[in-house]
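The values are calculated or read from the model by the stated rules, or taken from the named source; none is laboratory data. In this text, all values refer to a predicted model and were calculated from it rather than measured experimentally. Here Cβ is always computed from backbone atoms with ideal geometry, including for glycine, and neighbour counts include all displayed protein chains. The area values use the complete protein model at the heavy-atom level, side chains included, leaving out ligands, DNA and RNA. Shrake-Rupley method; radii C 1.70, N 1.55, O 1.52, S 1.80 Å.
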Amino acid sequence: MSVPAVSTQQNGASAAASSAVAAGASTSPVTGISEIAAEQATPKRHAGSATPTPTFAAGSPAGASAQVGVSSPASATIASPATPAKPGTPPQPTSSTPATPAPADASAEAPASVKSPLLSASESLKQGLKDLPKVAADAAKQAGKSYVDAGKEAKGTVKALTSSFLSKKGPTITITADQIVTVLFLGGLATQVLLIPIFLPSAFRLVYSLVWGVLVGLGLSFLFYLNHKRKAETNELLAMNLGLKGLKRVVGDVPSWINLAEKEKMEWVNELILEVWPFIDKGVCQIIKDITAQVMPGVLKSLPAGLNGVVKSIGFKHLTFGNAPFRVESIWVSPTDKDRLVLELSVKWCGDPNITLAIETPTGKMCPRVMDIIFVATIRVVLCPLVDRIPGFVGAMVTVPAPPMIKYRLDFGKALGGSMAPAAVRPVINYFMKEVITAMLVWPQRLVVPILQETDQDRVEIQRLMRRHQGVLRVCVVRCKELASRDWVGSNDVLVELTTDSVHKECTDVRPPDHKVRARMGMGHTKAPPKGKETFTFMEYIYLLIQEPADQMLRMEVFDIDSLDPTKLLKGQVTQVVGARQLIGRALVKLGETCREGLRGSTDPMNTCVHLGDGDWGSPGGPGKGMGKVSLSLNFWPFERFTKNDVENALTGIVTIRLLKVWGLATAGDTLAAFVRVTSTAVGAKEWRSSVRSWSKRAHIQRLKNEIARLTVDADRDRREGRPKAAERKARYIAALEQVTAPRCDENKIRLTVEMDYMLDSNAMAAIYHVKLTDVIKVKVMEANMLASSECLGRLDIPVSDIITSSDVNPMTGLREYGLHRRRWEEYNPDVPERGLEQLERGLALEEGDGARIWVEMRWVPCIQPDGGLSADWDAPADATPQMSQSQGGAALQTSHSAGIRTSQSLGGEITPAQASLKPSQSVR
């Protein structure tokens, strides 16, 4: 009866052991009868196979490992729970107190005392169950700590990755509000598209919803366009200088201290202008019509590539500025000038004009209206020099120191062949309004009005006010970088255009990016950089004349040259599809500091990096920034600092011509109209023509009568003051003039002298660039005849070598200057009657002119070549050596800065195969 009891106890012990194992209790292994008892208590899984005691390694889900067994009371102990291992470490064996080996006779006593070990095992299990909550809590605590450590490690990894990503060098990522709205819109649209398979709407409902969505979207887009346009117009108006009257109208009232500003006390001038505005309107409109008729044919011929041939003529069908006059908002007087008076007037005009253009194109005529005109400018008036005679100054000069702000809108109407014709004509009109008008008005262009002409010094002072060349600027275009992309496919092909007077413009060669140049030359590092990071290396020298060293500015424009641009066809600009120029950016470079260093005698180049913008010249703050950068190196030489060695050793240069007077032309009638034409044998030189001067017999006789009246007054003064000899000389001269002005002077075979004076004409000056030593300057005086071909009244050929070897005293500076070809012009002086007209020095004699003479001043301006490369601290590649541009003369060496290849084409040097493989636009100088 004992066997069933033992079996029952064994089943209970087995159940308890299984519970202890599940709970994670751990006991030490046993030997002898304990092993037999445990083997009997464990259910057998397979016959003939022994099943070991269940063992749980460390790292189990319960967090502990245990071995369960049955031992005797003398030797069995409860093993301490194993410490959970950290994640990622191998499991460690559990440590327990080793059991004391059973005595040898224990096996013999086992049959008699089987119940005692089973009770001991039960007590051990109870103790293990009692310690089970503590073991589980410790295991959970260790597991939580392990998970916290793992989370910290993961956080550190994410932080390291984030910091490495954020610290990575590269362009700043800017996310704008419109980009966020766009992403949200696209996300909502994608969500709706994904919902279509779920709801499965009918085709009719789908099309119905799509049509309504498109209509609503178009309506919202139209409202957005109107709102954007209204805000843009408001911003343009707010960007203007309203002045005191406009400020009062906007805000209603202003503080009293604003009314005390000196610049606002000009209301009396505006009241005066309002009274005389109807007459000013007619006069100004007539002047504009006359200037347009004279200038527009030449402007249309000189349009840049792509615009030439689009318009045949431009005129005015209607021109009136309406009832609203322009306003003088403020006046400023320079407090530093002591020998002259400098005034600056701020002028604004926003009227309702009636301006209708008459444009003739190859396809027909169109008459667009010019509307919503805004004109804001600053006018500078200089009264110089101040003298102690009435009115107190010798002459007045008027100019516009900065480009004016001109805004307008063209209304082509509805029946002009769609939008193609306006799109083709609009660039031409914009070019005329913003480029040509700027070239005619902006400094150094000016209008000089002589007031006093009593003495020779007065005439010299008037000449000082005239526009004249005073030095030469050498510009090295080093490189362009970070240019905005303008090419419709691929990368930009860049050209840089420079000018100082808006009349003559010099251009560099067209340059592809540096990586393309290196690829075509078979060099390394040909991987294309990302757009906006390309560099264009030029290293070209350009020479420009300077008229006002104190405050002149260099105007620079960068263009993208496209050999083929189909997008122009979509805009209606058919002539710009091939070889089109698209503006990348422009910049204004102040030359004051560079010119001051040159006047001090410094020959060190001044390096500068200029930012490009896409604004207009007259925009507030200039063209702006953001379209790229251009690196320049500048040098300035005033004419008086040229040495004889500089003048005679220059291989190429610029010849300046100043026309002063033409005298003694032959005429068969009572009137004569003539002009002067200057040409040159230099490559690429253009013809220059002076303005037409008219002479009439009646006006000439009237001028002589005025001279007789003046001499009569002088002779009477000499008699009163006791100078009888001087009075007698003047009397003889008066008698000679009276004989000429007699009604029957033709019967006495007296020839009247035809004289044309250009001394007060600011435009009677020209410059011929890229001149070599062997070239010749050709001057011709032509008769202006509308019905027949022009007849030559006299000519003069002057070799450039004669100009180079000349030297003379410049009356403007009083210094002898090398390369100045100037002949004196002496007027007849009644006080020195022994010197007749034949003994006077009067310019140069004209060939085939029947005694006619011309007074012209010519100067050779040498293009000084650099001694070497740029300074070491300048941002230029080490293997790039600046060389002369081809446009400055073929005598300069061409340099391939990438391959180090040198050749002298104009001197007969051979071209290497590597350089011969380059296209003209790829050559690097």
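Is there a residue in segment 442-449 that is surrounded by fewer than 18 Cβ atoms within 10 Å (Cβ to Cβ), outside any helix (DSSP H, G or I) and at pLDDT 85 or above?
yes
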Review point. Does residue 423 meet the test of being at pLDDT below 80, in the same structural domain as residue 394 (by the TED database) and not in a loop (DSSP other than H, G, I, E, B)?
Key: yes
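With the requirement that a residue be of a type in the set (Gly, Ala, Ser) and modelled with pLDDT of 90 or more, what does segment 612-631 give you?
613, 628, 631, listed by residue number.
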Exercise for review: Enumerate the pairs (first residue in segment 812-832 and modelled with pLDDT under 85; second residue anywhere and open to solvent by 60 Å² or more (accessible area, probe 1.4 Å) and not charged (D, E, K, R)) with beta-carbon separation below 8 Å, excluding pairs fewer than 6 apart on the same chain, so at least 6 apart or on different chains.
Suggested key: 828/837
Review point. Does residue 372 qualify as being farther than 23 Å from residue 438 by Cβ, outside the structural domain of residue 618 (by the TED database) and without any contact (Cβ under 8 Å) to a residue 40 or more places away in the chain?
Key: no
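Under the condition of being among the aliphatic types (A, V, I, L, M) and more than 19 Å from residue 629 (Cα to Cα), which residue from segment 487-516 is modelled with the lowest pLDDT?
489
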Check your understanding: Given (1) open to solvent by less than 30 Å² (accessible area, probe 1.4 Å); (2) out of contact with any Ser or Thr (no Cβ under 9 Å at 6 or more places or on another chain), where does residue 347 come up short, assuming only one miss?
Key -> (2)
Exercise for review: Restricting attention to strands (runs of 3 or more DSSP E) lying wholly within segment 517-611, give those where 1 or more residues are of a type outside the set (Asp, Glu), at pLDDT below 75 and touching a helix residue (DSSP H, G or I) at 6+ places or on another chain (Cβ under 9 Å).
Suggested key: 580-590
Point to revise | Criterion (modelled with pLDDT of 85 or more, among the hydrophobic types (A, V, I, L, M, F, W, C) and either touching a helix residue (DSSP H, G or I) at 6+ places or on another chain (Cβ under 7 Å) or not assigned by the TED database to the domain that holds residue 445 (or both)) met by exactly one of 781, 740 | key: 781
Exercise for review: For residues that are farther than 30 Å from residue 774 by Cα and acidic (Asp, Glu), scanning just segment 669-709, find the one that is least open to solvent (accessible area, probe 1.4 Å).
Suggested key: 707
Check your understanding: Do any strands (runs of 3 or more DSSP E) lying entirely in segment 627-742 carry at least 3 residues that are of a type outside the set (Ser, Thr, Tyr), and which ones are they?
Key -> 628-638, 652-665, 671-680
Exercise for review: Please indicate, with yes or no, whether at least one residue in segment 719-730 is out of contact with any Asp or Glu (no Cβ under 8 Å at 6 or more places or on another chain), in the same structural domain as residue 856 (by the TED database) and hydrophobic (A, V, I, L, M, F, W, C).
Suggested key: no
Review point. In this structure, is residue 795 closer than 17 Å to residue 755 by Cα, at pLDDT 90 or above and part of a strand (DSSP E or B)?
Key: yes
Check your understanding: Which one is modelled with the lowest pLDDT, of the residues in segment 388-404 that are surrounded by fewer than 18 Cβ atoms within 10 Å (Cβ to Cβ) and of a type in the set (Val, Ile, Thr)?
Key -> 390
Exercise for review: Could you identify the single residue in 621, 628 that is open to solvent by 20 Å² or more (accessible area, probe 1.4 Å) and either within 31 Å of the chain's Cα centre (by Cα) or in the same structural domain as residue 770 (by the TED database) (or both)?
Suggested key: 621
